[in-house]
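Input: a single structure, listed below in structure tokens.
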Amino acid sequence: MTIRNKTKSRRMYLAAMILGGSVLMASAAKSSPIPVGAASVVTPGADTFAGLSLIANESFTTTAYDTSGNAHYTAEVESEVYKDSTTGDLDFAYQVTNVTTPSEPDSLHTVSLFSFSGFTTDVDYVTGSGQVTYANVSRASLLGGFSLSFNYAASNGDGIAPGEATDWIIVKTNATVYNNLGETTMIDGATGSVTSFEPVVPEPMTLSLLAVGAAGVLVKRPKRASVI
């Protein structure tokens, strides 16, 4: 075998290693993740947005009605996606505001986020970024832990009262791809939902493009004279 062919073989091997490494990094564990089916009591928020780059944000408002058509509350949900500059992983941030209206006096007791199935997930909050912090959080045991439910019933006396906003919740994941087909649901005596950002598993085509790109970078080099 010529030296040129040996070198080409090494480059193809390195390309495969890079692709494999990218897939492995996508499943790297976060610190103190919440296992599927587990609950976690809130600890003092130590998180900030430092070291994170905002790459997407959106805001939606919903009004929740009971079966008789009575409005219980109006909530605004801000949803953002950040990229961790150190790991390249995506963090998802959410803030819920219970909008003050004279005819909708209910406090919000639960905020649930969907869907985090199959992802390593950790949560924290940004101290002082709102008026109320969740008391605890639980992760569903169904469908690979698809939902995170934040309990505010024991917070601030009576959950998220009208006119109050939650501290920003940061959900740390090992995802590298996202969409805006997720869902945030608020519950008191009625339920209201809005679409929000969620992590997603890369499609096979995306992985194939990564492989082609990695191989191209390593294999396509200027030709040099070969030595037998």
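The values are calculated or read from the model by the stated rules, or taken from the named source; none is laboratory data. If you're wondering where the values come from, they're calculated on a predicted model, not measured in any experiment. Note that each Cβ is placed from the backbone with ideal geometry, even for glycine, and that neighbours are counted across all protein chains shown.
Going through (1) hydroxyl-bearing (Ser, Thr, Tyr); (2) in a strand (DSSP E or B); (3) over 23 Å from residue 62 (Cβ atoms) one by one, residue 127 falls short only on (2).
Residues checked against (1) farther than 12 Å from residue 169 by Cα; (2) in contact (Cβ under 8 Å) with a residue 60 or more places away in the chain; (3) among the polar types (S, T, N, Q):
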{"site": "76", "(1), (2), (3)": "yes, no, no"}
{"site": "108", "(1), (2), (3)": "yes, yes, no"}
{"site": "117", "(1), (2), (3)": "yes, no, yes"}
{"site": "139", "(1), (2), (3)": "yes, yes, no"}
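Being of a type outside the set (A, V, I, L, M, F, W, C) and under 20 Å from the mean Cα position of the chain (by Cα): is that true of residue 136 here? So residue 136 fits the description; yes. Taking the range 181-205 as the range and being at pLDDT 95 or above and polar (S, T, N, Q) as the test, the residues that pass are 184, 185, 193, 195, 196. When 111, 96, 36 are checked against the criterion of being aliphatic (A, V, I, L, M), in a loop (DSSP other than H, G, I, E, B) and more than 19 Å from residue 179 (Cα to Cα), 36 stands alone in meeting it.
Looking only at the range 47-83, residues that are of a type outside the set (Phe, Trp, Tyr) and surrounded by 15 or more Cβ atoms within 10 Å (Cβ to Cβ) come to 16 in all. Would you confirm, using the coordinates I've provided, whether residue 91 is under 22 Å from residue 181 (Cβ atoms) and among the charged types (D, E, K, R)? It is true that residue 91 is under 22 Å from residue 181 (Cβ atoms) and among the charged types (D, E, K, R). Would you confirm whether or not the range 115-125 contains a residue that is more than 14 Å from residue 159 (Cβ to Cβ), over 11 Å from the mean Cα position of the chain (by Cα) and among the charged types (D, E, K, R)? Yes - at least one qualifying residue is present in the range 115-125. Looking at (1) under 21 Å from residue 182 (Cα atoms); (2) at pLDDT below 90, which one does residue 50 not meet, given that it meets all the others? Only one criterion in (1) under 21 Å from residue 182 (Cα atoms); (2) at pLDDT below 90 is unmet by residue 50, namely (1). The residue list 111, 137 contains one member that is within 14 Å of residue 35 (Cβ to Cβ), among the β-branched types (Val, Ile, Thr) and in contact with a Phe, Trp or Tyr (Cβ under 6 Å, 6 or more places away or on another chain), which is 137.
Scan the range 135-152 and tell me whether some residue there is crowded, with 22+ Cβ neighbours inside 10 Å, assigned by TED's automatic domain parsing to the domain that holds residue 86 and outside any strand (DSSP E or B). Yes, there is a match, as at least one residue in the range 135-152 is crowded, with 22+ Cβ neighbours inside 10 Å, assigned by TED's automatic domain parsing to the domain that holds residue 86 and outside any strand (DSSP E or B).
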